[in-house]
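Visitor: If you scroll down you'll find the structure; I have some questions about it.
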């Protein structure tokens, strides 16, 4: 009789051989309104234009999710793959900018309930994607609502999106504390959004990095900042990537640099996870995360005052 656990392990080994060059990054933000989904769309577009095959995993199930932002309707999602109602490639949405979207909002809610057979099926479904992708970008649900926080454990990169607003800084710090304090990454990339000058962005980052190092023993790396220019606002209203509509704009150039920086980071650490790490996290670590968002926010508020004081 087949052993589901052994079968799953064999599936993971096959994926490791096939996709050892895959790079994955989860984009997170501590609160709604930081601009995370817009950032993911533009990072993906920039990576596609640099010759990469990109898959976006969209955890958000609301109307303002990544598909909705682009004016796309998702009639199926990861749950249909889990139930074996739909093949993996039939659930994917192909965007004309060149990246694929996996709607995963409903599917993520049941990952902690999967038996070994369902886990193995999900792993094999991901591995069946042809042609294989070079980069997976995960658009996680905001803050502690995300079921994908388990996916940002050591297997791949974490990009934290933060704006200059004090609430955004506080929420981002609390989320970093939550992830790093629960056996997760001790290294985070930071993209500062909605700031006009590099000096302002660096000031925000430097203060965050100092506080995170002092109180959490966590390392932060700066991957860039995004200015809120008129071209970006126009592209958002039209449901398009600014890189696609206005490639010479300041915001488009900034997203291109951030994507290059993030991909260079993931390339350096590619052997520390790859598809195997992503799949193992998806199937093994997808259980419910403890919900301590209020406690984390209270504990974080005192230390983060050092960061906020320069931006209030």
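Every read-out reported here was derived from the displayed coordinates using simple, explicitly stated rules and does not represent laboratory data. Bear in mind the structure is a predicted one, so any value in this text is a computation, not a measurement.
Visitor: For segment 13-140, what mean projected area does the convex hull of the alpha carbons give, in nm²?
Guide: Computed as one quarter of the Cα hull surface, the answer is 8.0 nm².
Visitor: Expressed in nm to one decimal, what extension gain is obtained for the pair residue 219 and residue 130 from 0.36 nm per residue of sequence separation less their Cα-Cα distance?
Guide: Here the answer is 28.5 nm.
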